[in-house]
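Below: the structure, in structure tokens.
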Amino acid sequence: MEKGVSVERAVELACNSVMNLKIETVVLSKSYGRTLAESLNSKVDDPRFDNSAMDGWAVCSSDFLSEITILKIVGTSKAGKSQPLKIRAGQACQIMTGAPMPVGADAIVVVENSQVKEDTVTLTGPPNKNYIRKKSENLSLGEEALFAGMRMTAASISLAATMGFAEIKVVKKPKIAIISTGDELVSPGDELSPGEIYESNSFGIAALIEKMGGTAIRFNPVTDTIDSLRSALNTAASECDAILTSGGVSMGEWDFVRKLMEEEGDMKFWRVQMRPGGPPLFGEWNEVPIFGLPGNPVSSHVVFLMIVAPWISFNLGSGVQAQALGKYVRVKLQDPIFGAKNKICLRRINITSINNELIATTHTHQGSGNIHSLVAHNALSILPPSVDAEAGKNIDAFWWNE
Ligand code: AMP
Ligand code: MG
């Protein structure tokens, strides 16, 4: 078991324990956000045939010797019609966007530059060869264009359809349990007694799991006793691919997640050099990977962004993606921020683009209990250990996706 590891080392150690995810077939229309389990080779050429990129006239460019060219109309090529049209010198064929190029034509004149009179068309040119979309100029039959590990986006769904796929193989959604711990926790909506607070972490963490393409299974919060925690972990391990707990991982007398993992689990690391988010642990419970997230709401969220998200992307076959839920950018500070001794410091900052520069400000109290700080800001500073940053300095930041 390693203690006090860097964020990178935490991800590396976690990736030695993986979820056992199967593969399933889904119809393309239900594949948004899923991760491809196998690469796709196009079943067709794209385009399938030479066609026009414009509405206009298919012509022989050699006919255009002066500013005005008059040609005989010999037909119309429409998208979806397969008539094999042909033209010769002196002839033009009306053509619609996406319609097959007639044999013999080598250029398009756009409709705006034409005037029809009976069976002739007067064209003021120019005949443009670039308005022909050539067969297979985008993709060739058999070409691999979507790869295992890619997340299906709106554009990749359209591309898979273009390539002829009605259904695709994807990685099964990981089922991830979230177990909140703490005697003080009450579900929002229920009556609060003195000393109690609303349980919030499991809701936000569930949303992050869904954002990563997983299925979140929210367990009822457990009380701070070894027996209730053990029983919840056993159920979660038998029903889910991974477990996230929140709370109970510090040095406190009632930090039972750490205690139970130390005594009966298989702990791989405890504590990470980051602030907020210092106390997390990772290991296996009944051979199922388990992250013990800190209870402080900002900490649990930030540990998910920095450590759990890259681990999930690795499990889905997309590699360890540090940017799974956001982007690393360089920002200029407008307010000074203070670093943390020997830990990377993840202050909540707000990034705005002003005059082509990314400017970062801070607005709220930065305590790790203040979940409002994650709503009032859109990013985290990435301050190296033991470094303060004055106003005007450029620093690295993690700008999360909304
Ligand atoms: P712990 O790590 O259990 O000592 O919790 C640290 C702080 O986070 C305490 O103030 C807890 O009340 C709070 N906390 C723990 N779990 C949750 C939760 N699921 N929702 C909201 N706050 C929590
Ligand atoms: Mg607690």
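A few comments on the model shown:
- In the set GLU390, GLU357, only one residue is open to solvent by 20 Å² or more (accessible area, probe 1.4 Å), within 22 Å of LYS327 (Cβ to Cβ) and among the acidic types (Asp, Glu); that residue is GLU357.
- Residue in region 321-339 that is of a type in the set (Val, Ile, Thr) and within 16 Å of ligand 1 (Cβ to nearest atom) present: no
- Exactly one residue out of ALA376, ALA322 is modelled with pLDDT under 95 and surrounded by fewer than 20 Cβ atoms within 10 Å (Cβ to Cβ), and it is ALA322.
- Of residues in region 302-346 being assigned to a loop (DSSP other than H, G, I, E, B) and among the charged types (D, E, K, R), the one farthest from the chain's Cα centre (by Cα): LYS341
- LEU159 vs. criteria in the same structural domain as SER42 (by TED's automatic domain parsing) and modelled with pLDDT of 95 or more: yes
- The requirement of being of a type in the set (D, E, K, R) and in contact with a Lys or Arg (Cβ under 6 Å, 6 or more places away or on another chain) is not satisfied by LYS332.
- For region 54-152, the strands (runs of 3 or more DSSP E) that sit wholly inside it and include 1 or more residues that are β-branched (Val, Ile, Thr) are 56-59, 69-77, 91-95, 107-110, 114-117, 120-123.
- Test for ASN234: is it surrounded by fewer than 20 Cβ atoms within 10 Å (Cβ to Cβ), in contact (Cβ under 8 Å) with a residue 40 or more places away in the chain, away from ligand 2 (no atom under 13 Å from the Cβ) and farther than 25 Å from ALA322 by Cα: yes
- Region 218-231, residues that are open to solvent by less than 50 Å² (accessible area, probe 1.4 Å) and in contact (Cβ under 8 Å) with a residue 12 or more places away in the chain: PHE219, PRO221, VAL222, ASP224, ILE226, LEU229
- Qualifying residue in region 240-248 (condition: part of a helix (DSSP H, G or I), within 10 Å of ligand 1 (Cβ to nearest atom) and open to solvent by 10 Å² or more (accessible area, probe 1.4 Å)): no
- Counted residues, region 117-146 - those being over 19 Å from THR97 (Cα atoms), under 29 Å from the mean Cα position of the chain (by Cα) and surrounded by fewer than 13 Cβ atoms within 10 Å (Cβ to Cβ): 2
- For region 168-206, the set of residues classified as of a type in the set (A, V, I, L, M) and either under 22 Å from SER313 (Cβ atoms) or more than 16 Å from ligand 2 (Cβ to nearest atom) (or both) consists of ILE168, VAL170, VAL171, ILE176, ALA177, ILE178, LEU192, ILE205, ALA206, listed by residue number.
- Filtered residues of region 276-289 (kept if open to solvent by 30 Å² or more (accessible area, probe 1.4 Å) and in contact with a strand residue (DSSP E or B) (Cβ under 7 Å, 6 or more places away or on another chain)): GLU284
- First in region 354-377 and in the same structural domain as SER246 (by TED's automatic domain parsing), second anywhere and within 16 Å of ligand 2 (Cβ to nearest atom), Cβ under 6 Å, 6 or more apart: none
- Scanning region 246-275 for residues that are within 10 Å of ligand 2 (Cβ to nearest atom) and touching a strand residue (DSSP E or B) at 6+ places or on another chain (Cβ under 6 Å) yields a total of 5.
- Against the test of being surrounded by fewer than 14 Cβ atoms within 10 Å (Cβ to Cβ), more than 11 Å from ligand 1 (Cβ to nearest atom) and under 30 Å from ASP45 (Cα atoms), the options THR153, THR162 yield a single qualifying residue, THR153.
- Scanning region 165-179 for residues that are open to solvent by less than 70 Å² (accessible area, probe 1.4 Å), away from ligand 1 (no atom under 16 Å from the Cβ) and either assigned to a loop (DSSP other than H, G, I, E, B) or closer than 30 Å to TRP254 by Cα (or both) gives PHE165, PRO174.
- Residues satisfying the stated conditions in region 62-105, i.e. hydrophobic (A, V, I, L, M, F, W, C) and open to solvent by 80 Å² or more (accessible area, probe 1.4 Å): LEU65, ILE68, ILE70, VAL103
- Matching residues, region 180-206, being open to solvent by 60 Å² or more (accessible area, probe 1.4 Å) and not in a loop (DSSP other than H, G, I, E, B): ILE197, TYR198, PHE203
- Residues of region 22-36 satisfying the condition of being over 16 Å from THR153 (Cβ atoms) and of a type in the set (A, V, I, L, M): ILE23, VAL27
The values are calculated or read from the model by the stated rules, or taken from the named source; none is laboratory data. These numbers come from a predicted model, not from an experiment. As a convention, Cβ positions derive from the backbone with ideal geometry for all residues, glycine included, and neighbour counts pool all protein chains shown. SASA here: full protein model, heavy atoms, side chains in, ligands and nucleic acids out. Shrake-Rupley method; radii C 1.70, N 1.55, O 1.52, S 1.80 Å.
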